[in-house]
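See below for the structure under consideration.
The values are calculated or read from the model by the stated rules, or taken from the named source; none is laboratory data. Since we're looking at a predicted model, the values are computed, not measured. Counting neighbours? That spans all protein chains shown, and the Cβs are built from the backbone with ideal geometry, glycine included.
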Amino acid sequence: MISLNGYDYAFIIGFFLVTLTIGFVVSKKSGKSTSEYFLSGRTMPWWLLGVSMVATTFSTDTPNLVTDIVRDKGVSGNWVWWAFLITGLLTVFVYAKLWRKSGVNTDIEFYELRYGGKPARFLRAFRAVYLGVVFNVLAMAAVTLAAIKIGQVMLGLTPLQTIFIGGIVTVVFSTVGGFKGVVYTDFILFFVAMFGGIAAAYYCVNLPEVGGLTALMENENVVNKLDILPSFTDTEALITLLIIPLAVQWWSAWYPGAEPGGGGYIAQRMLAAKNENHAIGATFFFNILHYALRPWPWILVALASLVVYPDIASIQAAFPNIAEDKLGHDLAYSAMLTKLPNGLLGIVLTSLVAAYMSTISTHLNWGSSYIVNDFYKQHIKTDASEKELVNVGRLSTILLMVVSAALALVLTNALQLFNIILMFGAGTGLIFILRWFWWRINAWSEISAMIVSGVISILISFTSFGDWLFGGTHLVTGVEVEGLMPSWMTYPFIVLVTTISWLLVTLFTPAESSATLINFCKKIQPGGPGWTKVIEKSKLENHDASELTSGSWNVPSGILATLVGCGAVYSALFATGYWIYGRYTKAILLTLSTLIFALVLKQLWKKIKTVTF
């Protein structure tokens, strides 16, 4: 446990006051309507939304998750989330403008634009609860769990004390300020969080026990953790850490902040943009910062922790008051921060508070938007006034915070929850990618994918069926059993079963009505061969086919831009790592590669659309 002085408290209390002030200042305008409360009137610029996206995905559980991964699997273990860059850049170059064109208030409202009838209505309501409440609460619980661990290790706080202190301020400014309050505070939160992360990394690497960057890179506990790519001689590691994420996971999984085809709070920010150009700019800016630059301060702290706390036993010995069910490698990040001196300690703690608040406030506003727009207004009170809807939004914000905090008290580590969320969304992602470009996908496709993915994941995770298939400790007998397939096949198996299921359902259920499909084409103008049949049918029904297509189809250029963009961002990610490692030849070559990819991308971007801000 650490001891804070006056400077530390001044940083933390001052930060709380600033965020609360912003929330109350914008509260009057935010409370005028649901459009203002959840989308800030669709007037947000790209740079502010981009920073907000980065701040939202930078939470207290993120450095804990990265630390857990690095200590267990090494730096290359981060491919489990680095692979989502492909999803992110597809959103930039293909889907961002489509979302902004849709004009919906939430991405869930999209269901009644793309599909029709009772299945679409059911899907919208179900997804509102499923994502806005269930998944959202799981994600917030992971963030709050990380805050609890930081409070225990660094300040000696009980879980309830941590939740009360962090949660009260966050829920107050989120409730009164709405989306505008969240985005404005995110701008401050981002810079505070980044400065704190970099400062913590610099100090931890230069601790006497670590001995500086050179000594860290040569330490026996660290040397075998440095590889950015998994060893090609370790087949299982190569498959689980690189091949599955790059070949399967990025397009097949639904995960908050990295949804295939865009969605969630990323879609919320695209919908809040001034126009399509600003939506594209915001998501591109986010992906560069999120993947290329931000991970390295956390990685450095995680590597330094291997020197100071080489195993979980050493963490437990140093912090004997930590609850047994909260022990894990992810605690090492908080443990390293206890080494910081006063002054810097206050800044870093403030940065962690900022990270916590930015993510929680976004999830609260996003989840509440689903509850209000897609459930309450559609199924509870269709004639509710704007003022009533805003009040329901504020009440649901508070309830989401309470439920997620309660769940956080029973969880153990962030990686555990990350894997559960990934499995429950396995196999659904391809629908979110194709539904914009293939007329045959219908509401039943999505309903069946959700059901099958959820049922299979539950069977594998919580019954002996999983042991029979993939091996492990039998849930009833406690005996180690050998499965029919290797354990790394778990995720691909769920994806395969889910994908086959929803494809069969799609082919054996009726397509959406011509009116629904034609109206969708008129609104979005998605183009491509997947809508040819609809366009031909519209001609037979005497519709003006020119209204259904924008002319040239730029999706192939968007896909090419995605690949080139991945080359640029991954090159920048690797180059940063090799500069830190002191491997200058590789660093120089990768830096040049980054510049070349960036120049090519600039030319491709002009072909997709001329972007001016």
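Could you please find all residues in the range 373-416 being modelled with pLDDT of 85 or more, within 22 Å of the chain's Cα centre (by Cα) and among the hydroxyl-bearing types (Ser, Thr, Tyr)?
Result: SER396, THR397, SER404.
Return only the number of the condition from (1) out of contact with any Leu (no Cβ under 6 Å at 6 or more places or on another chain); (2) buried (at least 18 other Cβ atoms within 10 Å of the Cβ) that ARG269 does not satisfy.
The number of the failed condition is (1).
Tell me which of these GLY156 doesn't satisfy, since it passes every other one: (1) within 21 Å of the chain's Cα centre (by Cα); (2) surrounded by fewer than 24 Cβ atoms within 10 Å (Cβ to Cβ); (3) at pLDDT below 85; (4) of a type in the set (Gly, Ala, Ser).
Single failed check for GLY156: (1).
For residues that are of a type outside the set (A, V, I, L, M, F, W, C), part of a helix (DSSP H, G or I) and either touching a strand residue (DSSP E or B) at 6+ places or on another chain (Cβ under 7 Å) or at pLDDT 75 or above (or both), tally how many sit in the range 442-463.
6
Looking only at the range 502-528, which residues are touching a helix residue (DSSP H, G or I) at 6+ places or on another chain (Cβ under 8 Å), of a type outside the set (A, V, I, L, M) and assigned to a loop (DSSP other than H, G, I, E, B)?
Scanning the range 502-528 gives THR509, GLU512, SER513, GLN525, PRO526, GLY527, GLY528.
Is there any pair with a first residue in the range 468-496 that is more than 23 Å from ILE451 (Cα to Cα) and a second that is among the charged types (D, E, K, R) and modelled with pLDDT under 65 whose Cβ atoms are under 8 Å apart and which are 6 or more apart or on different chains, and what are they?
The qualifying pairs are GLY471/GLU480; GLY472/GLU480; THR473/GLU480; HIS474/GLU480.
Picking from PHE195, PHE135, which residue would you name as being aromatic (Phe, Trp, Tyr) and either without any contact (Cβ under 8 Å) to a residue 60 or more places away in the chain or surrounded by 19 or more Cβ atoms within 10 Å (Cβ to Cβ) (or both)?
Checking each option against the conditions leaves just PHE135.
Can you pull out every residue in the range 272-316 that is closer than 13 Å to ARG100 by Cα and crowded, with 24+ Cβ neighbours inside 10 Å?
ALA272, ALA273, HIS278, ALA279, ILE280, ALA282, THR283
Using beta carbons and a limit of 8 Å, which pairs, at least six apart or on different chains, have the first residue in the range 374-391 and farther than 15 Å from PHE38 by Cα and the second one among the aromatic types (Phe, Trp, Tyr)?
Listed by first residue and then by second, the contacts come to ALA384/TYR376.
What helices (runs of 4 or more DSSP H), lying completely within the range 323-410, carry at least 1 residues that are under 27 Å from MET270 (Cβ atoms)?
344-369, 386-408
Among the numbered criteria (1) within 30 Å of VAL171 (Cβ to Cβ); (2) surrounded by fewer than 24 Cβ atoms within 10 Å (Cβ to Cβ); (3) of a type outside the set (Asp, Glu), which one does VAL66 miss?
For VAL66, the failing item is (2).
Testing LEU484 on (1) part of a loop (DSSP other than H, G, I, E, B); (2) surrounded by 15 or more Cβ atoms within 10 Å (Cβ to Cβ); (3) not aromatic (Phe, Trp, Tyr), one condition comes back false. Which one is that?
(2)
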